[in-house]
1. What's the lysine pair count for the chain at a Cα cut-off below 27 Å, pairs eight or more apart or interchain?
2. What is the Cα centroid distance between the range 120-152 and the range 10-37, reported in whole angstrom?
3. Cut-off 10 angstrom, C-alpha nodes, Gaussian network model of the chain. Which of 14, 110, 81 fluctuates the most?
4. Please build a GNM for the chain, connecting alpha carbons under 10 Å apart, and tell me which residue among 139, 23, 128 fluctuates the most.
5. Please give the helix 3-15 orientation as an angle from the longest Cα principal axis of the chain, in degrees from 0 to 90, rounded to the nearest 10.
6. Pulled fully out, how much extra length does the chain show between residue 93 and residue 12, if you take 0.36 nm times their separation in residues and subtract their Cα-Cα distance?
7. In percent, how large is the relative contact order of the chain, given Cα pairs closer than 8 Å and 6 or more residues apart?
8. What is the range 3-66 by shape, rounded, prolate or oblate, if you read a ≥ b ≥ c off the alpha carbon gyration tensor as root eigenvalues and call it rounded for a/c under 1.5, prolate for a/b larger than b/c, and oblate otherwise?
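Throughout, read-outs are computed from the coordinates displayed, never taken from laboratory work. All values derive from a computational prediction rather than experimental measurement. Cβ atoms come from the backbone with ideal geometry, glycine included; neighbour counts cover every protein chain shown.
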Amino acid sequence: MTAEGYRSLDEELKRLKSVERPAVIAAISEARSHGDLSENAEYHAAKERQGWIEGRIAEIEDKMSRAQVIDLSKLSGNQVKFGATVTVYDEDTEEEARYQVVGEHEADVKRGKLSLTSPLARAMIGKASGDVFEVQTPAGVKAYEIVKVEWV
């Protein structure tokens with residue numbers, strides 16, 4: 001994962017532990033004060049939220065403990081690999097798009113972050129500027145040309 005992705009997970013973990021967890025504990029305590037827990041919707045909702053928070057904390061801690069953080073400043077070259085920011089030209093729509101190849105949990109296509117395991121990223125890996133490649137999509141085969149490979 002990238003250092004940015006690691007920081008993002010760390011921030012979410014801190015928020016869950018310091019803000020969300022205490023808030024849900026307070027909500028459970030408040031709901032308990034209303035009496036009968038068997039028919040208390042607020043209590044059950046708070047307990048469900050607590051379960052989700054604890055599960056997410058465990059998931060993030062696991063990811064962070066197994067993470068291999070890649071320093072993008074030490075990467076270079078003209079071939080697409082993890083961490084590269086790639087400008088591609090869609091030969092069908094004649095539009096350019098810019099993506100950074102990142103780890104799975106960092107992926108967010110709207111922000112230009114493309115998962116290393118996505119079909120588009122897998123097709124780009126190992127290619128260089130000027131190379132044309134094809135990707136199988138639900139709508140059929142699409143052809144792209146790599147315009148530029150950057151290490152930002």
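1. Eligible lysine pairs with Cα atoms under 27 Å apart amount to 29.
2. 46
3. Maximum fluctuation in the GNM of the chain, among the listed residues, is at 110.
4. Judging by the Gaussian network model, the answer is 139.
5. Computed tilt is about 10 degrees.
6. 25.4 nm
7. Numbers: 222 pairs, mean separation 34.0, N = 152.
Relative contact order for the chain comes out at 22 percent.
8. Values: a/c = 4.61, a/b = 2.80, b/c = 1.65.
Taking the square roots of the gyration eigenvalues as a ≥ b ≥ c, the range 3-66 is prolate.
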